[in-house]
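Enquirer: Got a structure here, written out as structure tokens. Questions coming.
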Amino acid sequence: MKKALIIFSFIFLSFTATTFAQKPDEPKVQRDPVLEADAKHNLEVAWQYYKLKKAYKAVIMRFEETLAANPNFSQMDEFLFIAAMSSKNLADGKGRENLALKDDEEKKRFSPERLREDATVYFTMIKDKYPNSKYIGETEKQLKTLQPKSNP
């Protein structure tokens, strides 16, 4: 009887070990609650800039600040999306902001070509890193509009 119990225990433990070993562990990202709260605040403010004020440069500045401080922000796909849309809108001359640029560096940073490149990079990041994002459909649509037109 003891022998059967030992064999059964060995088989059971072997089975459970293989079963658990086959399941891929999802990586758990440790998020600092203070950084997360700050990033959420920046996102909320950025949405207000985007929707209400059409202040696209301010959205980009908030995004860059958040990306530098908290690249693992839980809602980074959403922030990438409004940063990409803001870059595209600025490149197209939309928005209420007066782009009075102070120096040559800022002129390069906010040139239409550079803004289109940034928008493309941000949309591509959403597509690559967040394929299940709720913004993926609009992202793919916007990427098509940003692709250079080929001459026949």
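Enquirer: Residue check, Ala46 against (1) more than 30 Å from Asp32 (Cβ to Cβ); (2) assigned to a helix (DSSP H, G or I), all met but one. Which one?
Expert: With (1) more than 30 Å from Asp32 (Cβ to Cβ); (2) assigned to a helix (DSSP H, G or I) applied to Ala46, the lone miss is (1).
Enquirer: Within segment 116-152, count every residue that is assigned to a loop (DSSP other than H, G, I, E, B) and modelled with pLDDT under 95. Write out each step before concluding.
Expert: We begin by selecting, within segment 116-152, every residue assigned to a loop (DSSP other than H, G, I, E, B); these are 130-135, 147-152.
Restricting the remaining residues to those that are modelled with pLDDT under 95 gives 147-152.
Qualifying residue count, segment 116-152: 6.
Enquirer: A further question follows. Please enumerate the residues belonging to segment 101-115 that are modelled with pLDDT under 90, surrounded by 12 or more Cβ atoms within 10 Å (Cβ to Cβ) and outside any loop (DSSP other than H, G, I, E, B).
Expert: Glu106, Lys107, Arg109 - these are the residues of segment 101-115 that are modelled with pLDDT under 90, surrounded by 12 or more Cβ atoms within 10 Å (Cβ to Cβ) and outside any loop (DSSP other than H, G, I, E, B).
Enquirer: Being surrounded by 15 or more Cβ atoms within 10 Å (Cβ to Cβ), among the hydroxyl-bearing types (Ser, Thr, Tyr) and out of contact with any Phe, Trp or Tyr (no Cβ under 9 Å at 6 or more places or on another chain): is that true of Thr145 here?
Expert: Values: surrounded by 15 or more Cβ atoms within 10 Å (Cβ to Cβ): no; among the hydroxyl-bearing types (Ser, Thr, Tyr): yes; out of contact with any Phe, Trp or Tyr (no Cβ under 9 Å at 6 or more places or on another chain): yes.
When the stated conditions are applied, Thr145 does not pass them.
The values are calculated or read from the model by the stated rules, or taken from the named source; none is laboratory data. No experiment lies behind these values; they were computed from the predicted model shown. Please note: Cβ atoms are built from the backbone with ideal geometry, for glycine as well, and neighbour counts cover all protein chains shown.
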